[in-house]
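Okay, so here's the structure we're looking at.
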Amino acid sequence: MKLNPDEYRAVLDRARELSMEWIDSVPGRPVAPSKDVDEMKAVFARAVPEGGTDAIAVVEELAALAEPGIMAMPSGRFFGWVIGGTLPASLGADWLVSSWDQNAAMRYASPGTAAIEEVAGEWLLDILGLPEGSDVGFTTGATMANWVGLASARAFVLDRAGWDVNAKGLQGAPVVTVLAGAERHASVDLALRYLGFGAPTVVPADAQGRIEIDALRSAMSRVDGPVILCLQAGNLHSGAFDPMKQALAVAHEHGAWVHVDGAFGLWAAASPTLQGQLDGIETADSWATDAHKTLNVPYDCGVAIVAKPNVARAALGTQTAYLIQDAAGASDPMDITPEMSRRARGVPVWAALRQLGRSGVVELIDGLVENAKALADGLGALPGVTVLNDVVFTQVCLTFGSDERTREVTRRLIEDGAVWMSGSKWSGHDVLRISVSNWATDADDVAFSIAAVQRAMAAAE
Ligand SMILES: *Cc1c(COP(=O)(O)O)cnc(C)c1O
């Protein structure tokens, strides 16, 4: 066998055509898939193929069979969970990352991708107004970015208490108190679970889901020993930001490590009109965000940022002779992320920032918020519709009178399939939840989506 470039050329040409068939269909197609997962399992289920198949035929079969089960998440009319689309330069860069097939674990082994990721990290710190020189690790998502921040926190606060957690683990360690707001994201709990902490001590939140400062102050005053505070920039339902400056002041009085989960909301820090809501956030110790949400790079790409030098590396680094780590002693990507072997997932981030520039990032973020406000205004004006949250960022939560009617409107809307918004429960109510995260959503999509909700309301009568 020999590497024959022509075999790749033919397959990639066909994959490009099939990708464009999908992308060409996105603006006009319903968002919902036409088959559910059981139907899709029936489409793909077959015994292990005994013999091989031509590579082009494989790619063609894959595209044809998968199509009915692919949700149009890149559509400007998709508002489910917090997802986001893909910028053209990022998708192109992602293809190159696959073609290069680098194991981007070490600077020595993959100098090109290591340099690109380091520059992307420096650009992110600049754009988000976070401390220059912070470690930036590109993870699979914000769950693992939260994990990196909290693993760094664990190592740091225990080291300060005279305990080497890498050597001794948690058994017999000084008790670390982890405080987090009542409306933190579930991934914070998951990260804490991975780290052997169990559930955090919960601090009550206000009606918008923001941590309450008086409650935080009294919870902090009861703590004896090492303490970590988890704050949130961007509540899943309301988009609200914890009051950073006040919370950080309380935390700093008590010597706490402060980690901020800003999976989608940290991006507000890039916008001159929005950044006031995050005032003081740069004085935290670690931050987690996603590039695959608000920045619109392809899955999967999260970003972990740790301000104190060498802390992430002390928590996550490994040293063995065979790996050949950086000669000058700089942090290798694998020293500040959970994985050893890893995809160069920071490269599409570089491409997104290169395509947009600082001004384009600001326009992207401000545009998402403008569309969220337009959806809230348009939908809130319909009879019987209440917007439950203050629309301060990209999220909108609606009720349609009773919980039962809200569930029925949500069901009808999803059944209709022309747009996608997901249901949830918040503040004791069933809600229809909207997240505007796609760079491609425009005023036409907003009008189209309001009309789709009106149709669902009429069908639910
Ligand atoms: C999405 C999200 C996460 C988890 O991020 P993943 O990229 O799914 O791992 C964490 N926190 C918040 C606020 C989120 O919206």
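Observations, loosely collected:
- Estimated 222 nm signal from helices in the chain, with DSSP H stretches of n ≥ 4 weighted -39500 (n - 2.57), rounded to 500: -13500 deg cm²/dmol
- Mean projection area, nm², convex hull over Cα of the stretch 92-352: 13.5 nm²
- Computed from phi, the 3J(HN,Hα) profile of the stretch 163-176 under the Karplus parametrisation 6.51, -1.76, 1.60 (θ = phi - 60°) reads 10, 8, 5, 5, 7, 10, x, 9, 5, x, 6, x, 5, 9 Hz, with x in place of Gly and Pro.
- Exposed-loop-free span, longest in the chain, where trypsin sites (Lys or Arg not before Pro) count as exposed if DSSP calls them loop and at most 12 other C-beta atoms lie within 10 Å: 223-461
- Förster radius 22 Å - calculated FRET efficiency between residue 425 and residue 214, Cβ distance, rounded to 0.05: 0.25
- Per-q log10 I(q)/I(0), the stretch 365-459, q = 0.11 Å⁻¹ (Debye; single scatterer per alpha-carbon; no solvent): -0.26
- Residues of type lysines that residue 245 reaches as a straight line, Cα spacing below 22 Å, ignoring anything fewer than 8 places off in the same chain: 308
- Once the Kirkwood radius over Cα pairs is known for the stretch 184-313, the Stokes-Einstein relation at 25 °C and 0.890 mPa s delivers a diffusion coefficient of 161 µm²/s.
- Förster-model FRET efficiency, 35 Å R0, residue 382 and residue 199, C-beta, rounded to 0.05: 0.30
- Backbone phi angles across the stretch 7-21, fed through the Karplus curve with coefficients 6.51, -1.76 and 1.60 (θ = phi - 60°), yield HN-Hα couplings of 5, 5, 4, 5, 5, 5, 4, 5, 5, 5, 4, 5, 4, 5, 4 Hz in residue order; Gly and Pro are listed as x.
- Proximity of backbone amide H atoms, modeled 1.01 Å from N, is registered between residue 423 and 433 at under 5 Å, excluding neighbours fewer than 5 places apart on the same chain.
- Per-pair calculated FRET efficiency, R0 = 30 Å: residue 221 and residue 168 via Cβ, rounded to 0.05: 0.55
- A dipole drawn for the chain from +1 and -1 charges on Cβ atoms has a positive end, and of 15, 258, 219 the residue lying farthest that way is 219.
- Dimensions (Å) - the stretch 1-146, Cα atoms, principal axes, largest first: 51, 46, 28
- Listed by Cβ neighbour count within 10 Å, with the fewest neighbours leading, 44, 156, 241 appear as 44, 156, 241.
- Shape call, the stretch 301-434: gyration tensor on alpha carbons, a/c limit 1.5: prolate
- Among 441, 413, 394 - extreme Cα towards positive end, dipole of the stretch 365-459, charges at beta-carbon: 413
- Around residue 453: net Lys/Arg minus Asp/Glu count, Cβ-Cβ under 11 Å: +1
- Cα pair distances in the chain, grouped into 20 Å bins until the bin that holds the longest one, percent each: 23, 53, 24, 1
A short reminder: the numbers here are calculations on the coordinates, not readings from a lab. Since the model is a prediction, treat every value here as computed from it, not as a measurement. Every residue, glycine among them, receives a Cβ derived from its backbone with ideal geometry; neighbour counts consider all protein chains shown.
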